[in-house]
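I have placed the structure first, in the form of structure tokens, so that the comments after it can refer back to it.
The values are calculated or read from the model by the stated rules, or taken from the named source; none is laboratory data. Source: prediction; values computed, not measured. Virtual Cβ from ideal backbone geometry, glycine too; neighbours counted across all protein chains shown. All accessible areas refer to the heavy atoms of the entire protein, side chains included, with ligands and DNA or RNA removed. Shrake-Rupley method; radii C 1.70, N 1.55, O 1.52, S 1.80 Å.
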Amino acid sequence: MVRKYSKLKQIIEVILIFLLIISCNGQVSNKKNQVLNEDKEQTKNIKEQPPVDFFDQKYFNGYKISFGDEDISEHPYRYYYNYENKEIQWFAISYVPKNISLHKYWSIYLQGSSSNEATQSSTIEKIINKDLSSYNIFAVYIPKKYLDISNGVSEEAMFFKNNTELYFYLYDALENKWKFLKKTQTNAPLIGKRDFFSKQFPELFSLKKDLRLNDNKNISETENITLLRNFIFEFSISKIENEDGNEIQKVKINLKNKETNKIQVIDFTPKLLVTQFDGSSANSISYFGKEQSIIKSYQEIEGGHMLIALDVNFDGLEDFAIINYQGSNGGPQYAYYVQKANKQFVLDSYLTENVRFFPSEINKGKKILTIIYPSGCCQFQTSKFQIQSNGKWKNTYSHLENIK
């Protein structure tokens, strides 16, 4: 009897142990399922909305165009990194130009610039804000688990792990919110490269080139959407024969008012160009809106920009100078178009025929343009032109001196 009771006890113990094992396994399985469900829910939440408002000022540390002395970005960006932050640790906002023309402008933005002003956040911000609609504004978010801090948590020591997950968002200005685009994996998030975004989202970019040649009509086209604050340039360049039978270039300018969408058409025939006209961002510069009372320009004698924005007659409105003559030893000469109160541009015949060269100094206080250019082989000519109260120009100073 005792022996039977002992066996029964052993059987009961085995059954209890078995039930205990099943119960533990169930708890482990439930815990695993719970973790998986939490991960899925977190991923779902990330897709539906960004983890934070990327534009929140507490994450702002300035606009940038360079990752270092030699590593130049192809467009402006801003980023945030703080490994100790519980809300978010790393993200970047990239202002990627939609068209090639603006892309080229930023690609060469720092070339030849010796001024620290060019890299200042406020300077970059002003340029971007001229026409925000010309940019795709992307936010790239990387979760904390993909940040490699094996060498330390500092910005310099942190790296991204292999197969890092990226979450792409696009800012919708009309709805004033970020929209989730996609999730992808990479070993190198190249946020400073246009191709990094255009290959992911080709439908958001214009494939129109700066200079498009039409063989049938012998016409090329170029555009500039950033030079003037309130107008967009569109150029059509054709080749015609002049009275002497020589082939010259003819430029048709469409100036589109950004506010009214009205277009002013200007037919302009340069006197002599030895290179093809290109009015894109890469060949233009603006001296308008400079805070200095005396503005120094840096137009080279051999070269110079083909399109320049400035307030040439000191009335507070944007005007522009367009290349009119190349090939002389004095440097490039320009035709000047001034903006009237009705927002139409008219040719300033006096500046175009008498001043011709671009001023080396623009004195806003005294309303004087100073022109310096070579004369002959061995002399420099300095002339000053001041605008009078009646709106006419007067040559107030002229001096010829030998080159030392």
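The table below lists the values:
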read-out: Segment 164-186, subset of a type in the set (Val, Ile, Thr) and closer than 19 Å to ILE88 by Cα, residue farthest from the chain's Cα centre (by Cα); value: THR164
read-out: In segment 362-404, residue nearest to GLY289 (Cα to Cα) [restricted to those that are small (Gly, Ala, Ser) and either open to solvent by 80 Å² or more (accessible area, probe 1.4 Å) or not in a loop (DSSP other than H, G, I, E, B) (or both)]; value: SER389
read-out: Any chance PHE320 is open to solvent by less than 40 Å² (accessible area, probe 1.4 Å), modelled with pLDDT of 90 or more, within 26 Å of the chain's Cα centre (by Cα) and of a type in the set (A, V, I, L, M, F, W, C); value: yes
read-out: Search result, residues across segment 128-148 that are open to solvent by 50 Å² or more (accessible area, probe 1.4 Å) and of a type in the set (A, V, I, L, M, F, W, C); value: LEU132
read-out: Residues (closer than 18 Å to ILE285 by Cβ and either β-branched (Val, Ile, Thr) or out of contact with any strand residue (DSSP E or B) (no Cβ under 8 Å at 6 or more places or on another chain) (or both)) located in segment 356-369; value: ILE362
read-out: Residue within segment 75-83 that is surrounded by fewer than 19 Cβ atoms within 10 Å (Cβ to Cβ), modelled with pLDDT under 90 and either in a strand (DSSP E or B) or not aromatic (Phe, Trp, Tyr) (or both) present; value: no
read-out: Unmet criterion (only one of (1) touching a strand residue (DSSP E or B) at 6+ places or on another chain (Cβ under 9 Å); (2) farther than 22 Å from GLU259 by Cα; (3) open to solvent by 60 Å² or more (accessible area, probe 1.4 Å)) for GLU125; value: (2)
read-out: Failed condition for TYR298, given (1) at pLDDT below 95; (2) crowded, with 18+ Cβ neighbours inside 10 Å; (3) farther than 24 Å from LYS250 by Cβ; value: (2)
read-out: Test: VAL355 is surrounded by 14 or more Cβ atoms within 10 Å (Cβ to Cβ) and modelled with pLDDT of 95 or more; value: no
read-out: Counted residues, segment 309-359 - those being touching a residue at least 24 places away in the same chain (Cβ under 8 Å) and basic (Lys, Arg); value: 2
read-out: Number of the exception - GLN249 against (1) touching a Lys or Arg at 6+ places or on another chain (Cβ under 7 Å); (2) at pLDDT below 80; value: (2)
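Here is a yes/no grid of residues against (1) open to solvent by less than 60 Å² (accessible area, probe 1.4 Å); (2) modelled with pLDDT of 90 or more; (3) over 18 Å from the mean Cα position of the chain (by Cα):
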site: ARG194; (1), (2), (3): yes, no, no
site: LEU207; (1), (2), (3): no, no, no
site: LEU228; (1), (2), (3): yes, yes, no
site: GLU243; (1), (2), (3): no, no, yes
site: GLU259; (1), (2), (3): no, yes, yes
site: ILE266; (1), (2), (3): yes, yes, yes
